[in-house]
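The values are calculated or read from the model by the stated rules, or taken from the named source; none is laboratory data. It should be emphasised that the depicted structure is a prediction, and the values quoted were computed from it without experimental measurement. Here the Cβ positions follow ideal geometry from the backbone for every residue, glycine too, while neighbour counts run over all protein chains shown.
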Amino acid sequence: MSLPADTPPAVADALGYLQHHLQELTKRQNASEHTINATLAGLTAQLQQLTQLITAPAPTVALPPIPTSPPPISPPSPVPTAPSKQWTRPKLPSPPDFAGERSSGQAFFNSCMLYLRLAPEQFSCDEEKIL
């Protein structure tokens, strides 16, 4: 593209710069289009292969003949077992006595709650828990 003779040099330089970058962008676009077309061709080929696999008849498998009489079943041999011990829960220590100090109140409460939760079978009602 030719510019008029009275075009200022700064404008001519700017136009040259823009033309150069336009050419670079065009090259990049062409390369991207080529990559996209190659990827699309590969995906189309894979899609065709999958379609063929889906529409192809399933292969038949030859099963062995079923015997007319089942084989005899022998009773299982007894498995020796060790005598089972009844598991017993260890005795929990009762919460410490509360000395009435405000600073140890939360710790006392937490230890009581833990004791009640770990031994629920010892308490059938709220009254027993309080006592």
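Can you find, within the stretch 27-62, the residue that is surrounded by the most Cβ atoms within 10 Å (Cβ to Cβ) among those that are of a type in the set (A, V, I, L, M, F, W, C) and outside any helix (DSSP H, G or I)?
Initial filter on the stretch 27-62 (of a type in the set (A, V, I, L, M, F, W, C)): 31, 36, 38, 40-41, 43, 45, 47, 50, 53-54, 56, 58, 61-62.
Now restrict to residues that are outside any helix (DSSP H, G or I): 56, 58, 61-62.
Details: Ala56: 8, Ala58: 5, Val61: 5, Ala62: 5.
The selected residue is Ala56.
Within the stretch 8-20, is even one residue at pLDDT below 90 and in a loop (DSSP other than H, G, I, E, B)? Taking every residue of the stretch 8-20 in turn, at least one turns out to be at pLDDT below 90 and in a loop (DSSP other than H, G, I, E, B). Leu92 satisfies every condition listed in (1) surrounded by 10 or more Cβ atoms within 10 Å (Cβ to Cβ); (2) more than 30 Å from Leu131 (Cα to Cα); (3) at pLDDT below 85 except (2).
Cβ-Cβ under 6 Å, sequence separation 6+ or interchain: first residue in the stretch 115-131 and on the phi < 0 side of the Ramachandran plot, partner at pLDDT 85 or above. Which pairs? Within 6 Å, the pairs are Lys129/Leu116.
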